[in-house]
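One structure below.
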Amino acid sequence: HLNIAETLWRILKGKWLRPVDYLYTDSLLYATNRALEAIGSGLKISFTHVA
């Protein structure tokens, strides 16, 4: 069972970051910040678990 932070990072890495974002540290930091800022307005996340 994942806690909220683990769920957020799983979705961030699996859906919101692109492979090209990992090429350089600066691009990874920019993409991560961009995604985190967009949560709630442009990006949606559900922390409910369906068994």
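Condition first: open to solvent by less than 80 Å² (accessible area, probe 1.4 Å) and among the charged types (D, E, K, R). Now tell me which residues in the range 18-38 satisfy that. Break it down into steps so the answer makes sense when it comes.
So the first thing to find is which residues in the range 18-38 are open to solvent by less than 80 Å² (accessible area, probe 1.4 Å), and the list is 20-21, 27-28, 31-32, 35-36, 38.
Listed by number, the list holds a single entry, ASP21.
Of all residues in the range 1-17 being open to solvent by less than 60 Å² (accessible area, probe 1.4 Å) and under 10 Å from THR32 (Cβ atoms), which is modelled with the highest pLDDT?
Here the answer is LEU17.
The values are calculated or read from the model by the stated rules, or taken from the named source; none is laboratory data. Please read all numbers here as calculations on a predicted model, not as lab measurements. Every residue, glycine among them, receives a Cβ derived from its backbone with ideal geometry; neighbour counts consider all protein chains shown. Side chains included, ligands, DNA and RNA excluded: accessible areas come from the protein's heavy atoms. Shrake-Rupley method; radii C 1.70, N 1.55, O 1.52, S 1.80 Å.
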